[in-house]
Amino acid sequence: MHIRRSAHSLSPDEWQQIGRVLAQMHDSGDIDRFARAHQALFESVHGSTTFFPFHRKFVQEFEDIGRTFDPEFTVPYWDSTRDYRSPESSPILRGTTLGGN
């Protein structure tokens, strides 16, 4: 069983591993495929009762593809309530994690 962890709790090494998997998914075209699928279904899913079940399944499928590159891959969750007062200083949005400009 895989358990999604808080993005705030991940170590720098864990962020690097996630970055490696995402780079491999990008290189294989999987990221683009997921982006196209999300865009194609955006209007019918967002603002409807299917929002949560769709995204639950979408993330599960994303993780399944990621696990072809690393069997331990999971997408961490972000509790944005921890950062809402000052999102620009969030550790989640730094260049060493998934953020940065």
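Pairs, please: C-beta under 6 Å, at least 6 apart or cross-chain, first residue at pLDDT 90 or above and part of a helix (DSSP H, G or I) and in segment 36-51, second aromatic (Phe, Trp, Tyr) and surrounded by 10 or more Cβ atoms within 10 Å (Cβ to Cβ)?
Val45/Phe51; Val45/Phe54
Are any residues in segment 2-24 over 17 Å from Phe69 (Cα atoms), in a helix (DSSP H, G or I) and open to solvent by 50 Å² or more (accessible area, probe 1.4 Å), and if so, which ones?
Ser9, Pro12
Applying the selection to segment 52-93, what residues are assigned to a loop (DSSP other than H, G, I, E, B), hydroxyl-bearing (Ser, Thr, Tyr) and either touching a Cys at 6+ places or on another chain (Cβ under 9 Å) or under 19 Å from Ile3 (Cα atoms) (or both)?
Those that are assigned to a loop (DSSP other than H, G, I, E, B), hydroxyl-bearing (Ser, Thr, Tyr) and either touching a Cys at 6+ places or on another chain (Cβ under 9 Å) or under 19 Å from Ile3 (Cα atoms) (or both): Thr68, Thr74.
Those residues that are of a type in the set (Phe, Trp, Tyr) and open to solvent by 80 Å² or more (accessible area, probe 1.4 Å), I need them from segment 61-95; list them, please.
Passing the criteria: Tyr77, Trp78, Tyr84.
The values are calculated or read from the model by the stated rules, or taken from the named source; none is laboratory data. Being a predicted model, the structure only gives us computed values, none of them experimental. Note that we place each Cβ from the backbone using ideal geometry, even for glycine, and neighbour counts take in every protein chain shown. Note: areas computed on protein heavy atoms with side chains; ligands, DNA, RNA excluded. Shrake-Rupley method; radii C 1.70, N 1.55, O 1.52, S 1.80 Å.
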